[in-house]
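Structure first, then comments.
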Amino acid sequence: MRTKLIAKKIVAINLVMTMILSPLLAMAQDEITEAGFEGQNFAKQIGLEAKNNSTKVENGQMSVPTKDENGNFQYESDNSFSVDSLYPGTSSSNSDSYAEYFSDGAAPDVDDLGDLHDSEGSMSDVGDSTKDSLWEDANSDNPSISGAAYKVLLDTADLSKPDFTNDPVLNLTKSTYENIDVIAEGFGDCSTNTTFDEITMNLHNPEYEICNRVLDKSASCEIIHDYEAAVIKHHGGPYNFSTCGSGCSDLWIGRVGDNYWGGYCSIYEAYTEVKIVNPSAITSAKLVRAKWDDYMQVWVGEPGKEVKVWQGPNNNFPPETGGRCELSTSWDRNPNVDLTRYFKNADPNSVMRFKIRVSVAGAGEGFGKIRVNYDPSQAVIRDEWSPQNCIESVDGLLDGFADGGYSCIDDPRDSSGCTYTNGIRICPSNLKPSPVPGVSNLCKRISVEADYNFYKGTLECYTDANGNNVCPENNGGYLDTCGELEDNPQCGFISSSCVEGAKGNSGDCYVQEEKWDCGSTVEASTIQKNTEYQCGGSIRCMGDDCLDPSQTSDQTGNFAKASALLNAAQFMTQDMTCTGLNEDGSATGDEDVTCSAFNGKAGECKIAVGGVADCCEKPSNISMVEYLAMIMQVPKLDGAVLALENENVIKSAYQTIRQPVANAWTETTNTFTNYMDNISGSVQEAFKPIGELKDELIEKLKEKSKEVLKDVLGSTAETTATDAAAAEATQEATETAANNAADTMASQGMSMLGSAMSVYSAYVAAVAVIQMVYACEEEEFEMNAKRAVDSCTYIGSYCADDILGVCIEKRESYCCFNSPLSRIIQEQVRPQFGQDFGSAKNPSCGGITLDKISQIDWDKINLDEWLAILKQNGQFPDEGISMDSLTGSGSVFNIDGDRLPADQRALERLDGVDVDEKRRDAVDSISIQAN
């Protein structure tokens, strides 16, 4: 009977192993062929239907076809719309004016723009004017569409611009495109072939660094407002401009006066030259007055090319013509001769000459007045505030991040609040808004005194790791910590953000932090299962896409990635906590039992903004190799007890008090009669009191944990000690940490990974206190120890001061976990559930509950970073695949060196065991007294 039972068990084991190692995918050639042709025909059918039933356009109406219940295409009025509705301002369905899509909602005059094609100066002026208009629009309270877009560009230009010349990510991308392989063609008539090949993986291990740029624009300076309004400017001859109201200037030509010439039939000439600065602004120009004695002519044009535009009092001009020389009259007339075309057709900044010719008999004079009307909104030809750095200094005063003040020291305004230049009246409405609130935009010079002292002062007092009360003073002097990262080709820029509480109302960020990746990429060899298709037939196509039956790398079996997932499952059992349970694993009854894996703890550290003191500095000389060796030993400590002899009662008792996560998984209520106890037969000695069993177990765990931890921590002590005194102190810390670890791990059982991290971080903190440079808090040293072994996720930062305009101390916030793998899984899983880690001031570091663990899509979990960490520190699973390497002497559970593979151990346990009999004996023999 027993022989038959053993034979059945052996057959069952062989069947199980065969199923595990057999290919999971088997596709028949005929099925692939049939599916390919079906897809191809379906795609052709869809394409033909779309081609034969396209959108129709009739009488300005577009109609889109739809299918009825029978699958027939039809054109219904509900699916029709006017073409005009696609264009603004052309129909009732789209009544928006197209002008709304331009700066300030003002569309340009196309005709005017067309006249500029042959004038570089005019095009430049229009461009400058448009840019200024965009700037005003972008900074207004209600910007237009284009203004809002331009504001985005302005804000983007103010951001930090790191140098990407040596960025490893971008260089890798460029290299990839330069060496991309040609995609293999796919063929039909396929058969499968599975192979196990050695491959090389490129694994990246990021090392994130946070740096700061502190904005300090302290200055004692002047802001200059250079503005000018002009339509025409004096260029030569008598100068006489006067204003005649808004949008109106009078230009006097000739010499204004009386009887300043003498002679008889003598001809005199006078010249007045002006520069036509802004011809597009001129709306009209007329010769409105002429005063002379005896005859007078007015000529207009380019110098040397003048043409006569008026003559008075008649057509005589002696002695060049007939007529009396002396008319005995001093004339004063209003000719109202239109000269507009001479002004508007002039090139910008071209010179125009007015020549006055007077024929005098006796004494006489000759002069005139031209009235020029213009558009005041186009009269301003220059409106610039500078220098920019002085203007920006004012922002700190307005935001409260700087002390000092500012005032106008050159204000040309008259009693009406306006001023004049080139005969043109300029009022505040004609100029850009002042960049300095409270100062008129007509002000010519503004004095500025700004002292950016928001980051200077005393940090909040605290008690350091040695119990001393510390109140560090921040004097600044270290405003940019990002330069080193920019210059390091190993580092690549990731992101930038403004520290919470360091942004002013102006939008300026006074403490900008940047995130860089200074990690490295390593190559690792592993085994990958590849399933290839041998295709000898014609290429199969579905619609416009051809079917390539070769499997992608994501579909292949990768031993390294499978091993990483096994680590995740293994660590999950060692990084689990439950609430609502007693120490023995039973429910308290006071609350629901809730279990979660990969729990984290929130922590923060302080930095003097722009200063030297930095309690966020990670400890140096931390050996990731030793740390990984320790946490990879945690399953061994657990397995050390489970690997005891079958008759050892501690094994069964240990299963009882291993932290009751097992109960949550299996919902087992009978502690000593589980399946493994029946197989091992260990329950035969379970009559011992629970207290005695627990004591034996604790001693066993202490012995094992001390042995492992002393080796690990001792190695770390050797690397961190800098002198004899430090070596002695760290050795003492090693002994203390190992003893604490033993007690903690023994009492917490399945939470051993959490205990290991707590013990290790406390140990590193103790060593760091001995060697510390800054006086920091003990919690900061412990958190930074976790950061040093890649177990923390950075959440963000904030100014610790509650007052706006003060940021002396910055706090960096983290969620720290019990291992790098725990942290990586948290970062990978949370996005699947739409969760983040909270905010810098309110981190969310809770674990993943069991109900959510069951919902995780592990295909989307990327553990390459974990593999990179293992590879860089000698823990990469690159051994050959075998039952012995996975479960026997080559596994992490091989405590005594002669562990048998799982299949052999299973056979040995079954040999000679009557399971039913063992169960009956256990029921009859167990007598338990509750503690």
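Quick note: the coordinates plus some simple rules give every number you see, no bench work behind them. The model shown is predicted, which means the values in this text are computed figures rather than measured ones. Positions of Cβ are generated from backbone atoms using ideal geometry, with glycine treated the same way; all protein chains shown enter the neighbour counts.
Of Thr421, Thr66, how do they rank once you tally other Cβ atoms within 10 Å and put the fewest first?
Placing the least packed residue first, the sequence is Thr66, Thr421.
Using only the Cα atoms, work out Rg/Rh for segment 786-868, with Rh taken as the Kirkwood radius, to two decimals.
1.07
Segment 248-374: D in µm²/s via Stokes-Einstein (Kirkwood Rh, Cα pairs, 37 °C, 0.692 mPa s)? Provide the component values of the computation, followed by the final result.
Details: Rh = 14.8 Å.
Roughly 222 µm²/s, to the nearest whole number.
Which number do you get for Rg(Cα) / (2.2 N^0.38 Å) in segment 300-455?
That works out to 1.74 for segment 300-455.
What trypsin sites (Lys or Arg not before Pro) does segment 305-396 have in DSSP loop regions with at most 15 other beta carbons within 10 Å?
On the way: sites: Lys305, Lys308, Arg324, Arg333, Arg341, Lys344, Arg353, Lys355, Arg357, Lys369, Arg371, Arg382; in loops: Lys305, Arg324.
Sparse-neighbourhood loop trypsin sites (Lys or Arg not before Pro): Lys305, Arg324.
Scan around Val256 for amide H atoms under 5 Å from its own, H built in the peptide plane at 1.01 Å from N, and keep only partners 5 or more places away or cross-chain.
For Val256, no residues qualify.
Round to the nearest 0.05 the FRET efficiency obtained for Val83 and Asp851 when R0 = 45 Å and r is the Cβ-Cβ distance.
So, using R0 = 45 Å, E works out to roughly 0.25.
Relative contact order for segment 248-374: what is it in percent, counting Cα pairs under 8 Å that are at least 6 residues apart?
About 51 percent, as a whole number.
For a quick check: sort Ile622, Ile424 by the number of other beta carbons within 10 angstrom, fewest at the front. Could you put the intermediate results ahead of the total?
Numbers: Ile622 21, Ile424 27.
Result, fewest neighbours first: Ile622, Ile424.
So how do Met352, Met783 line up by other beta-carbon neighbours within 10 Å, fewest first?
Arranged by neighbour count, lowest to highest, Met352, Met783 become Met352, Met783.
Show me, for segment 196-209, the HN-Hα J-couplings you get by feeding each phi into the Karplus relation (A = 6.51, B = -1.76, C = 1.60, θ = phi - 60°), rounded to Hz, glycine and proline as x.
Working through the residues one at a time gives 10, 10, 8, 10, 10, 10, 9, 10, 9, 10, x, 10, 7, 10 Hz.
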